[in-house]
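Some notes on the structure that comes next.
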Amino acid sequence: MPTSPTAAPEAAAPAAAPEAPTSAAREETVRPGVEDLRQLEAGLDSLQSAAARTARIDWSRVLLPVAALAVLLLAWQAYVWLGIKRRDLVPGPLDVAGQLGALWGEATLQQAVATSLQRGAAGFVISVLIATPLGLLLAQVAPLRRAFGPLISGLQVLPSVAWVPAAIIWFGLSDATVYFVVLMGAIPSIINGLISGVDQIPPQYRRVGSVLGASRLALTLRIILPAALPGYLGGLKQGWAFSWRSLMAAEIITVGGSMGFGLGSLLNQGRDLADMTVVLAAILLILAIGILVELLVFAPVEKHLLRRRGLLAGSTR
Amino acid sequence: MPVLLENLGKTFDDGAPVLEDVNASIGAGEFVALLGASGCGKSTLLNIIAGLEAPTAGALEVPSDGAAFMFQDAALFPWLTARENVELALTLRGVGKAERRRTAGELLDLVHLSGAGGKRPHELSGGMRQRVALARALAQDRPLLLMDEPFAALDAITRDLLHDELERVWQETGRTIIFVTHNVSEAVRLGQRVLLLSSRPGRVVQEWQVTEEHRTNPGLAGQLTGAITARLREEIRRHAH
């Protein structure tokens with residue numbers, strides 16, 4: 001049946017009910033035909049859907065943080081110029097930059113960054129592998145959660161540095177000590193993040209899942225886990241932060257033995273030599289790596305995740 | 001008789017019965033509108049028919065493989081595209097990958113959304129989301145479709161169109177539909193039969209047949225709507241004291 005698209009209303013009315021011409025003549029509700037209905041819906045769909053926006057590079061995202069950094073460096077330099085403290089106690093940005101260059105030259109910097117990053121990443125990955133199934137289990141099985149939930153929350157509050165003495169006694173001055181401390185720091189936060197992600201799932205999702213006939217396992221893996229992903233990602237971010245902090249603490253405290261030379265070790269070395277430029281260089285490196293991991297790993301993943309779910313509109317990100 | 005309710009009752013732990021002595025029989029391929037004011041236990045009744053809750057009294061007969069369900073909000077999963085949402089229902093039924101793609105495509109085409117399969121729920125309008133939800137409910141491939149006020153949150157123009165759409169899909173697929181609503185004209189517009197539930201406790205107090213005559217003659221439909229509204233108000237007035 002050829003219907004001309006969106007003709008005048010009086011032309012559309014007879015085309016709408018061709019199978020009942022006698023009743024169509026009467027004043028009555030118009031029941032559109034299939035083709036007509038398809039067109040009506042397509043029109044309404046395009047009217048009601050938001051127009052797609054094209055993404056542009058927003059330079060203020062880059063320029064504003066760079067400007068903020070420049071202001072901070074200038075303030076630091078200005079403080080040094082005022083000469084309130086001795087230069088060897090408060091070195092300026094240029095002194096620290098010089099020290100970073102020197103450390104790079106003797107390859108100490110690269111070695112320390114590589115060792116720490118490698119440990120941090122490995123510890124984090126192991127933590128994720130352990131914490132994810134545990135978190136799902138705790139979130140989905142009520143008695144388990146009641147039994148172990150308070151303990152897990154408590155472990156998150158306990159500073160993982162507290163484990164360092166125990167770890168040294170158990171594992172000696174080895175990498176195992178570092179990994180143990182990292183795991184004790186990261187696992188509880190990842191578990192907690194996953195549990196709170198699961199808690200925030202709209203109850204309707206579970207209902208839909210059971211109406212669709214999902215088994216307990218299918219419900220957990222296909223509905224609960226993806227639904228909890230934003231909270232889980234928050235837990236991962238915090239888990240990474242805790243691994244990185246715990247790692248630095250462990251590296252500062254445990255030196256020697258079969259331990260490699262990490263950023264924490266560099267920091268500790270600076271203290272031993274009473275060289276403030278080394279101390280500040282190590283602190284800035286630890287901070288910079290934290291920022292880079294957030295910017296290059298977590299921020300893109302989070303942004304992608306939120307955008308796909310339509311949760312980014314109106315945020316200040 | 002796909003659905004048979006006999007003296008069905010439901011009492012929650014706190015005492016007051018939600019449903020009492022509900023009797024109804026719904027034939028294969030029938031479209032029944034279940035009408036009632038707030039507190040009539042419509043949703044509880046649907047949950048019992050769907051097997052999500054157990055009745056505390058009486059007996060019921062429903063298709064052994066359960067029922068498909070459509071809610072007031074589309075409840076699509078935001079991390080899946082429209083097509084993937086439909087496909088998930090098929091995956092959970094154990095349908096193979098190739099057939100899943102094909103069936104999901106057909107179902108989206110059935111609700112006139114073949115062009116929007118790659119979009120995510122937040123990119124769709126409310127009406128489009130409900131059509132995806134309808135396609136997902138159809139993907140469950142159950143003879144019985146339960147609908148819990150599925151169009152209540154939509155604007156009037158969209159709701160009007162979706163009435164036509166649902167009627168067409170019902171005729172094409174031959175499903176038995178139980179459609180819960182608190183909108184009298186919607187009940188008359190869609191149902192072949194309108195059942196009125198009383199409130200607190202819910203009980204079927206009256207039923208009306210909606211004939212073909214009502215569908216083609218708006219005056220007659222108006223009369224029926226008026227009669228049902230009057231009876232519904234009488235039911236509500238009982239609770240004034």
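In the range B:1-156, if the dipole is taken from +1 on Lys/Arg beta carbons and -1 on Asp/Glu beta carbons about the Cα centre, which of B:153, B:92, B:68 is farthest to the positive end?
After comparing all options, I get B:92.
Gaussian network model of chain A, Cα springs within a sub-10 Å range: biggest mean-square fluctuation belongs to which of A:59, A:81, A:240?
Ranking A:59, A:81, A:240 by mean-square fluctuation puts A:59 first.
Would you mind computing the Rg to Rh ratio of the range B:128-183 from its alpha-carbon coordinates, Kirkwood style for Rh?
So for the range B:128-183, dividing Rg by the Kirkwood Rh gives 0.93.
Specify the residue with the greatest mean-square fluctuation among B:36, B:15, B:105, computed from a Gaussian network of chain B linking alpha-carbon atoms under 10 Å apart.
Of the options given, B:15 has the highest mean-square fluctuation.
Over the range B:76-141, calculate the relative contact order: mean separation of alpha carbon pairs under 8 Å at least 6 apart, over the residue count, as a percent.
Taking the mean separation of contacting Cα pairs over the length of the range B:76-141, I get 50 percent.
Across peptide B:68-76, what mean number of C-beta atoms from other chains lies inside 10 Å of a residue's C-beta?
Mean partner shielding for this stretch: 3.
Just want to confirm a number: the relative contact order over the range A:89-306, from Cα pairs under 8 angstrom separated by 6+ residues, in percent.
About 28 percent, as a whole number.
May I ask for log10 I(q)/I(0) of the range A:149-236 at q = 0.16, 0.22 Å⁻¹, from a Debye sum over the Cα atoms as equal point scatterers with solvent left out?
-0.71, -0.97
Give me the one-decimal nm value for the distance between modelled label points at residue A:118 and residue A:148, 7 Å along each residue's Cα-to-Cβ direction.
Output for this residue pair reads 3.2 nm.
From the P(r) of the range B:76-141, could you give the percentage of C-alpha pairs in the tail past 15 Å?
Details: 827 of 2145 pairs.
Result for the distance tail: 39 percent.
Please give the average number of partner chain Cβ atoms lying within 10 Å of the Cβ of each residue in A:201-211, rounded to a whole number.
Counting other chains' Cβ atoms within 10 Å and averaging over A:201-211 gives 5.
Subtracting the Cα-Cα distance from 0.36 nm times the residue separation, let me have the gained length for residue A:73 to residue A:261 in nm, one decimal.
Values: separation 188, 0.36 × 188 = 67.68 nm, distance 2.86 nm.
Net length gain for the segment: 64.8 nm.
For chain B, what relative contact order do you get, as a whole percent, if you take Cα pairs closer than 8 Å and at least 6 residues apart?
Relative CO of chain B lands at 28 percent.
Any idea what Rg and Dmax come out to for the range B:194-241 if you just take the C-alpha atoms, in Å?
Values for the range B:194-241 (Cα only, Rg and Dmax): 12.5, 41 Å.
If you take every residue apart from residue A:248 with its C-beta less than 14 Å away from the C-beta of residue A:248, what net charge results, scoring Lys and Arg +1 and Asp and Glu -1?
Net charge in that neighbourhood comes out at +2.
Can you give the calculated 222 nm mean residue ellipticity of the protein assembly as shown, where each DSSP H run of n ≥ 4 adds -39,500 (n - 2.57) and the sum is split over every residue, rounded to the nearest 500 deg cm²/dmol?
After summing the helix terms and dividing by the residues of the protein assembly as shown, the value is -18500 deg cm²/dmol.
Shape of chain A from its Cα gyration tensor (a ≥ b ≥ c, root eigenvalues): rounded if a/c is under 1.5, otherwise prolate when a/b > b/c, or oblate?
Oblate is the answer for chain A, as a/c is 1.5 or above yet b/c matches or exceeds a/b.
For chain A, find the longest principal axis of its Cα atoms and tell me its angle to the long axis of helix A:60-82, 0 to 90°, nearest 10.
Around 20 degrees separate the two axes.
Based on the Kirkwood radius over alpha-carbon pairs, what value in µm²/s does the Stokes-Einstein equation return for the translational diffusion coefficient of the protein assembly as shown at 25 °C and 0.890 mPa s?
Estimated via Stokes-Einstein, D reaches 86 µm²/s.
Against the longest alpha carbon principal axis of chain A, how many degrees, from 0 to 90 and to the nearest 10, is the axis of helix A:93-105 turned?
Result, in degrees: 80.
Taking the Cα centre of the range A:89-306 as the origin, how large is its charge dipole in debye, to the nearest 20, when only Lys and Arg (+1) and Asp and Glu (-1) carry charge on their Cβ atoms?
That gives the range A:89-306 a dipole magnitude of about 1180 debye.
Can you give the local net charge around residue A:232? Use residues other than it whose beta-carbon is closer than 13 angstrom to its beta-carbon, Lys and Arg +1, Asp and Glu -1.
Working: positive: A:237; negative: A:199, A:302.
Around residue A:232, the surrounding residues sum to -1.
What fraction of the Cα pairs in chain B, stated in percent, has a spacing above 21 angstrom?
58 percent
Projecting each Cα onto the charge dipole of the range B:5-56 (Lys/Arg +1, Asp/Glu -1 at the beta carbon, about the Cα centre), which of B:12, B:48, B:27 comes out farthest on the positive side?
The residue sitting farthest along the positive end of the dipole is B:27.
Please report the net charge: other residues with Cβ closer than 12 Å to the Cβ of residue B:208, K and R +1, D and E -1.
Local charge sum for residue B:208: +1.
Based on the alpha-carbon gyration tensor of the range B:5-130, what equivalent-ellipsoid semi-axes (square roots of 5 times the eigenvalues) come out, in whole Å, largest first?
Working through the eigenvalues yields semi-axes of 34, 17, 14 Å.
Longest exposed-loop-site-free stretch of chain A, with GluC sites (Glu not before Pro), DSSP loop and at most 13 other Cβ within 10 Å?
Counting at most 13 other Cβ atoms within 10 Å as exposed, the longest clean stretch of chain A is A:107-317.
Hey, what angle do you get for helix A:142-157 against the long axis of chain A, alpha-carbon based, 0 to 90 degrees rounded to 10?
Result, in degrees: 40.
None of the figures in this text is laboratory data; all of them are computed from the coordinates on show. This structure is a prediction, so every number in the text was calculated from the model and none was measured. Glycine gets a Cβ as well: all are built from the backbone with ideal geometry, and neighbour counts include every protein chain shown.
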